[in-house]
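Visitor: Quick one: the structure is below, and I'll ask about it shortly.
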Amino acid sequence: MTQKSSDFALQPFRVAGLTLRNRIVKAATFEGRTPNGQPGPDLTEFHARIARGGTALSTVSYCTVSPDARTFADQMYLHEAVFEPMVALASAVHAEGGAVSGQLAHCGAFKRSAPVESPRPLGPSRCINQYGLLSGIPRNQRAASLRAAHRR
């Protein structure tokens, strides 16, 4: 990296009304720190450490939109019980001078965990689950059910 490009990367950056301390972003990578789908102190410290190192924006990975949107049971889904731990995580990152974002996700046809609310995985079309037939054949997620999931 040249002196000029490193100076550029370390300059404050404004995006969508948010000013970041530099242009360094930790992309979403599954941390494996949400046992039973619950964020806790280990996930909080992981992201606080990233911010402490100077990263401007740390992305919490795989925040699914429903329990059935998870590939594995240890992935977090957004519901009321994760609100408080996620506020603690954001506060810890902010205390280190960083910002935090979340990667919204849905596994689609690529599902391995047991069904919670839906008997079969949902996907954009009917296909074979990448984990095999015993993991379920996804049913087509029609427009009406997409609207219903969006309202939740």
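Visitor: Return the residues of the range 46-69 that are surrounded by 16 or more Cβ atoms within 10 Å (Cβ to Cβ) and assigned to a helix (DSSP H, G or I); say none if nothing qualifies.
Guide: Result: F46, H47, A48, I50, A51, P67, D68, A69.
Visitor: Within the range 34-43, can one find any residue that is touching a Pro at 6+ places or on another chain (Cβ under 9 Å) and acidic (D, E)?
Guide: Yes, some residue in the range 34-43 is touching a Pro at 6+ places or on another chain (Cβ under 9 Å) and acidic (D, E).
Visitor: Got a sec? Which of L10, L57 is farther than 15 Å from A92 by Cβ, out of contact with any helix residue (DSSP H, G or I) (no Cβ under 6 Å at 6 or more places or on another chain) and not β-branched (V, I, T)?
Guide: After ruling out the rest, the residue left standing is L10.
Visitor: Could I ask something else about it? For the range 1-45: of the residues being surrounded by 15 or more Cβ atoms within 10 Å (Cβ to Cβ) and over 21 Å from the mean Cα position of the chain (by Cα), which is nearest to P85 (Cα to Cα)?
Guide: R21
Visitor: Residues in the range 32-45 that are assigned to a helix (DSSP H, G or I) and modelled with pLDDT under 95: how many?
Guide: Total satisfying the criteria: 3.
Visitor: Give just the number: which of (1) modelled with pLDDT of 95 or more; (2) part of a helix (DSSP H, G or I); (3) more than 16 Å from Q103 (Cα to Cα); (4) of a type outside the set (F, W, Y) does S6 not satisfy?
Guide: If we test S6 against (1) modelled with pLDDT of 95 or more; (2) part of a helix (DSSP H, G or I); (3) more than 16 Å from Q103 (Cα to Cα); (4) of a type outside the set (F, W, Y), just (1) comes out false.
Visitor: Residues in the range 1-27 that are over 11 Å from L57 (Cβ atoms) and not hydroxyl-bearing (S, T, Y): how many?
Guide: 12
Visitor: Within the set of pairs 6+ apart or on separate chains, which have a first residue in the range 59-87 that is aromatic (F, W, Y), a second that is modelled with pLDDT of 90 or more and surrounded by fewer than 17 Cβ atoms within 10 Å (Cβ to Cβ), and C-beta atoms under 8 Å apart?
Guide: Y62/Q103
Visitor: Going through A92, A48, A99 one at a time, which residue ends up being at pLDDT 90 or above and within 16 Å of A28 (Cβ to Cβ)? I'd like the intermediate steps shown before the answer.
Guide: On the way: A92 fails: within 16 Å of A28 (Cβ to Cβ); A48 fails: within 16 Å of A28 (Cβ to Cβ).
Only one candidate qualifies: A99.
Visitor: Give the range 13-31 a look and list any residue that's in a strand (DSSP E or B), within 17 Å of R49 (Cα to Cα) and among the β-branched types (V, I, T), or say none.
Guide: Listed by number, the list holds a single entry, V25.
The values are calculated or read from the model by the stated rules, or taken from the named source; none is laboratory data. Quick caveat, the model's predicted, so the values are computed rather than measured. We place every Cβ from the backbone using ideal geometry, glycine too, and count neighbours over all the protein chains shown.
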